[in-house]
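Before any comments, here is the structure.
Just so you know, all these numbers are worked out from the coordinates, no wet-lab data involved. Quick caveat, the model's predicted, so the values are computed rather than measured. Positions of Cβ are backbone-derived with ideal geometry, glycine not excepted, and every protein chain shown enters the neighbour counts.
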Amino acid sequence: MPENILIAIAWPYANAEIHVGNITGSHLPGDIVARYHRLKGNKVLMVSGTDSHGTPVTIAADKEGKPVEDVYKRYHDTFLEVFQGYGITYDLFTSTHTENHFKVSQAIFLALKENGFMFTETSKQWYSPSAQKFLPDRYVEGTCYICGFEGARSDQCDNCGNVLEPEKLINPKAKTGDGALELRETEHFYLDLSKLEPEVKQFLRERADHMRDTVLGESLRKIEVEGLKPRPITRDLDWGIPVPVEGWTEAGKRIYVWFEAVIGYLSAAIEWSQLQGSSNNSALKKEAWREWWANPAARQFYFIGKDNIFFHTSLWPAQLMGAGEKFAEIFTEEKFPLSLPYDVPANQFMNLENNKISGSRNWAVWGRDALTRYDPDALRYYLTVNMPEMKDSDWDWAEFVARNNNELVANWGNLANRVLSFCYKHWDGHVPDVDPATLRPADLDLLAVIEGGFESVGALLDGVKLRAALGETLKLATAVNQYLDTHAPWKQVKEDKAEAAKTVYTALKAIDSLKVLFAPFLPFTSEKLHGFFGYETPLFGEGYIEEISDSLGTHKGLRYRSPSGAAGAVEGQLWKPSELKAGQKLNQPGPLFKKLEESVIEEERARLGK
Ligand SMILES: [Zn+2]
């Protein structure tokens, strides 16, 4: 039975371009796991989108003096370009500014309200009489009442690192615009998380055997110490999702972005299945999202950065459990509970040349820019061997060049290229016509070792231990290199071509298997290699962009078409040892990777911080 696997990836804010830290933090690990499960024949749904509503986005728009809509769409377009370039295979990468996301978020809001998990409360917030509106926390700056720092944000001081109570800020000023500010009372909805605390604790305890220790520490142990406190879920802002309660939107209030952005994982799945449905009018396909969201056996993986752990391990499950069966009742007129996250394999951060990545100082390797000089698999390789799974990692240009040349090119790339080229030349473009029954013990031993990789590498990928999985695959490539050193078919061919044929056949079969083991990490070159072997159906499908229209306008979605054209996407049972046929016709092989010059290191370092 194929498993249903939801790959849910953090929604990037539309206020900055994507850099390598973002890619290795969430998008790439999610894609590797998605591709693995697709190769296994599981039903994968991989979703995310642009977070268009947060105050970082409105601040960016204010700074540029442009409508928020223009700014978020511009960044959204660059995201789609990056993901296509790196082969991040979203079934749907959408946006939070869609009619569907509004409706789904409002239904979750109402479900929590009807189930008694909400209350309203009045608090004081900074108000600008000249602009005639309340200012969100990030819009107000002033002097820190703890350390005296003059450029403190109203909710946090970057000098002393304390979280601040906005109403205590000294000399508050609006970040944009002018005029004195005053404290005024404002009413908001709160999610009563304290009522859901026992369920959230139970939810986390049930996952303690497979959640990363870093993730559990940020969640369960935090709740045990501090408890879950109510949080506001509306705010005074004119950009965002209307509050589905009479009079609230008219009063200039919107749903708080933290509350609605996580709902995107559900709404994007629903939007995806509506797009499937509209293509051939099948009501069944329109309900397809339920396979991942109303299915206790479905496994949901959330790929996020460490700054987002609490939202995904504690707040999002609380929203889902609190909404209960009510959401489906409001949204579909049927009653069923929503599935809960299975794992939240959050990554730590990637630094750059021993400093924090900083977009504003241009201390960054930008996703789009790097693709103009390097192949996507070279970048994917380095971002995987250096993935910040358990602790922060560092992008180092010298290490990038060294690992590309010594591991990717010298170990795996050369292995595939020299065996295929040698075979192509000496066996007239065909796999040697060897009877598998005549293989020698050393040949069978090597093939058994490589076949074992489908279990061992598969288990590591299933457990989201991606660095270890890639390391294990590379070790298997080394084993093939050692086998070739011992049997030296380049000499054998001159002495005994029949013996050389057995060696080459064995090595080709091992490489054909390794191609699949490497494919989740290195999809572009694995596909190329797959073509050299003469296979006609590709390993993977391809991404494409679709214009989607609704009552809010149009938005672009990045989508994925599997090789069979099937939705949600069973690719065939490809995660298994090679069944390469003796005598199979090959295609003209070529190199898979490029060796990099040492001069790259200084050129790249000179670009930083300028
Ligand atoms: Zn301070």
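Reducing region 456-516 and region 338-375 to their Cα centroids gives an inter-centroid distance of 32 Å. In the chain, the longest principal axis of the Cα atoms and the axis of helix 466-487 are about 10 degrees apart. Placing R0 at 56 angstrom, the Cβ-Cβ distance between D435 and N354 gives a FRET efficiency of 0.45 after rounding to 0.05. How much FRET efficiency would the formula 1/(1 + (r/R0)^6) give for K594 and E185, where r is the Cβ-Cβ distance and R0 is 45 Å, rounded to 0.05? Working from the Cβ atoms, E equals 0.10. Close amide H contacts of W395 (hydrogens built in the peptide plane, cut-off under 5 Å, sequence separation of 5 or more or a different chain): N351, L352, E353, N354. Descending by average beta-carbon neighbour count within 10 Å, the peptides 153-160, 12-19 line up as 12-19, 153-160, the highest first.
From its DSSP helices (H runs of at least four residues, each -39,500 (n - 2.57)), the chain gives a residue-normalised ellipticity at 222 nm of -13000 deg cm²/dmol.
Taking Cβ separations below 4.7 Å as the criterion for a possible disulfide partner, the isolated cysteines in the chain are C423.
Positive end of the charge dipole of region 197-354 (Lys, Arg +1 and Asp, Glu -1 on Cβ, about the Cα centre): tell me which of F311, W239, F203 has its Cα farthest that way. Toward the positive end, the furthest listed residue is F203. Working note: Karplus 6.51/-1.76/1.60 with θ = phi - 60° gives region 195-202 the couplings 5, 9, 4, x, 5, 5, 4, 4 Hz, where Gly and Pro are set to x. Note on E246 and N362: the extension gain reaches 37.2 nm, defined as 0.36 nm multiplied by sequence separation minus the Cα-Cα distance.
Phi-derived couplings, Karplus 6.51 cos²θ - 1.76 cosθ + 1.60 at θ = phi - 60°, listed residue by residue for region 495-509: 9, 8, 5, 5, 5, 4, 4, 5, 4, 5, 4, 4, 5, 4, 5 Hz, with x used for Gly and Pro.
For the pairs K229/K391; K40/K491; K391/K509; K43/K556; K201/K391, note any where the Cα-Cα span goes beyond 31 Å. Show your work: numbers first, answer last.
Details: K229/K391 29 Å; K40/K491 39 Å; K391/K509 37 Å; K43/K556 24 Å; K201/K391 25 Å.
With Cα atoms farther than 31 Å apart: K40/K491; K391/K509.
For region 402-479, the residue among A402, Y424, L446 whose Cα projects farthest onto the positive side of the dipole built from Cβ charges is A402. Under 5 Å from the amide H of W363 lie the amide H atoms of S358, G609, each residue being 5 or more positions distant or on a separate chain, with H modelled from the backbone and absent for Pro and chain starts.
Positive-end ranking of L466, G609, S599 along the dipole of the chain, with charges on Cβ about the Cα centre, is headed by S599.
Quick one: net charge of L164's neighbours, Cβ under 10 Å, K/R +1, D/E -1? Could you put the intermediate results ahead of the total?
On the way: positive: R153, K168; negative: D137, D155, E165, E167.
After counting each charged neighbour, the total is -2.
Taking 0.36 nm per residue of sequence separation and removing the Cα-Cα distance, the Q584/N406 pair yields an extension gain of 61.0 nm. Seen from every direction in turn and averaged, the convex hull around the alpha carbons of region 478-610 projects onto 14.3 nm².
Once fully extended, how much extra length lies between A606 and E199, figured as 0.36 nm per residue of separation less the alpha-carbon to alpha-carbon distance?
Details: separation 407, 0.36 × 407 = 146.52 nm, distance 5.21 nm.
Net length gain for the segment: 141.3 nm.
Packing, taken as the mean count of other beta carbons within 10 Å per residue, orders the peptides 1-8, 491-498, 29-36 from highest to lowest as 29-36, 1-8, 491-498.
Summarise the long-distance tail of P(r) for the chain by giving the % of C-alpha pairs beyond 45 Å.
On the way: 43807 of 185745 pairs.
Of all Cα-Cα distances in the chain, 24 percent exceed 45 Å.
Sketch the reach of a paramagnetic label on I545 as a point 7 Å from Cα along Cα-to-Cβ, and name the residues of region 352-369 whose backbone nitrogen lies under 18 Å away. Only 367-369 fall inside the zone, counting backbone N under 18 Å. Computed 3J(HN,Hα) for region 397-414, one whole-Hz value per residue from the Karplus formula 6.51 cos²θ - 1.76 cosθ + 1.60 where θ = phi - 60°, is 5, 5, 5, 4, 5, 5, 5, 4, 6, 7, 9, 5, 6, 6, 8, 6, x, 5, glycine and proline marked x. Applying 1/(1 + (r/R0)^6) with R0 = 35 Å to the Cβ-Cβ distance of K576 and E114 gives a FRET efficiency near 0.10. The packing ranking of peptides 186-193, 574-581, 313-320, 64-71, highest mean first, is 313-320, 186-193, 574-581, 64-71, where packing means the average number of other beta carbon atoms within 10 angstrom of each residue. Other residues within the sphere of radius under 13 Å centred on the Cβ of N100, judged by their own Cβ, net out at -2 (K and R +1, D and E -1). Summarising the amide proton neighbourhood of V243: residues at separation of 5 or more, or on other chains, whose placed amide H is nearer than 5 Å comprise T249, I255.
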